[in-house]
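One structure below.
The values are calculated or read from the model by the stated rules, or taken from the named source; none is laboratory data. Everything numeric here is computed off the predicted structure, so don't read it as measured data. Virtual Cβ from ideal backbone geometry, glycine too; neighbours counted across all protein chains shown.
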Amino acid sequence: MLVTSRRIALALMWAVVLIAFALFFAGGNDTWFDVPPLLAPIVVLASAVFVHFVIESTGYRTPAVPPGTPEDEARATSTQAFGASQFKRMLPAEVPALVAVALAYATVDGGFFTYCTGALASIVLMALHAWPGEIQIAKVQASLERDGGDSYLREVLAG
């Protein structure tokens, strides 16, 4: 399951890059590659910081596995909770890229570089929160086991 989760995260990361290629060739006007106004990257980065805090506060919450839950049921709960929490972290991480697309066409100058700022912020957020690494797995496992039950999350992900 871990390989599948990583493939999904990587696919969404690559989607942001592919949008950049599309915008490179389908740019707006003659000033598409100029330096953007300072406000555009600031808004994009502010959205990234906001999204980071939203993901930290809500993205790792899962229903707890009660103590004494049978192993099969705990494994099923852990699998479902991990997948759901991964998507709760991946989708908001795309927000800076979407804000950047809107600002790229709203600003007159520097639309491509405005998008690149948002794309980079989104990829960083996805690497921090959506990529299923040790830190993310530990946070989800702690949420699952907060009432004292065993989640078997690491065994499910390894098997």
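Listed here are the residues, each with its yes/no results for (1) closer than 15 Å to A97 by Cβ; (2) touching a residue at least 12 places away in the same chain (Cβ under 8 Å); (3) acidic (D, E).
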| position | (1), (2), (3) |
| --- | --- |
| V44 | yes, yes, no |
| S57 | no, no, no |
| Y60 | no, yes, no |
| R75 | no, yes, no |
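Could you list, in sequence order, the residues of the range 118-147 that are of a type in the set (V, I, T) and in contact with a Leu (Cβ under 7 Å, 6 or more places away or on another chain)? Steps first, answer last, please.
Step one: filter the range 118-147 for residues of a type in the set (V, I, T), giving 123-124, 135, 137, 140.
Of everything in the range 118-147, those that are of a type in the set (V, I, T) and in contact with a Leu (Cβ under 7 Å, 6 or more places away or on another chain) turn out to be I137, V140.
Does the range 32-43 include one or more residues that are assigned to a helix (DSSP H, G or I), at pLDDT 95 or above, surrounded by 15 or more Cβ atoms within 10 Å (Cβ to Cβ) and out of contact with any Leu (no Cβ under 8 Å at 6 or more places or on another chain)?
No, the range 32-43 contains no residue that is assigned to a helix (DSSP H, G or I), at pLDDT 95 or above, surrounded by 15 or more Cβ atoms within 10 Å (Cβ to Cβ) and out of contact with any Leu (no Cβ under 8 Å at 6 or more places or on another chain).
So which helices (runs of 4 or more DSSP H) are wholly in the range 69-159 and hold at least 2 residues that are at pLDDT 95 or above and farther than 18 Å from V35 by Cα? Please lay out each step first, then the result.
Values: elements: 71-93, 95-106, 111-125, 134-144, 153-158.
Ranges flagged: 71-93, 95-106, 111-125, 134-144.
Can you tell me which residues in the range 5-23 are more than 20 Å from A100 (Cα to Cα) and surrounded by fewer than 11 Cβ atoms within 10 Å (Cβ to Cβ)?
R7
Checking R75 against (1) closer than 25 Å to L128 by Cβ; (2) crowded, with 19+ Cβ neighbours inside 10 Å; (3) of a type in the set (D, E, K, R), which test does it fail?
Of everything listed in (1) closer than 25 Å to L128 by Cβ; (2) crowded, with 19+ Cβ neighbours inside 10 Å; (3) of a type in the set (D, E, K, R), R75 misses just condition (1).
Need the failing condition index for G110 against (1) crowded, with 22+ Cβ neighbours inside 10 Å; (2) over 19 Å from I19 (Cα atoms); (3) among the small types (G, A, S), just the number.
Looking at each condition in turn, G110 falls short on (2).
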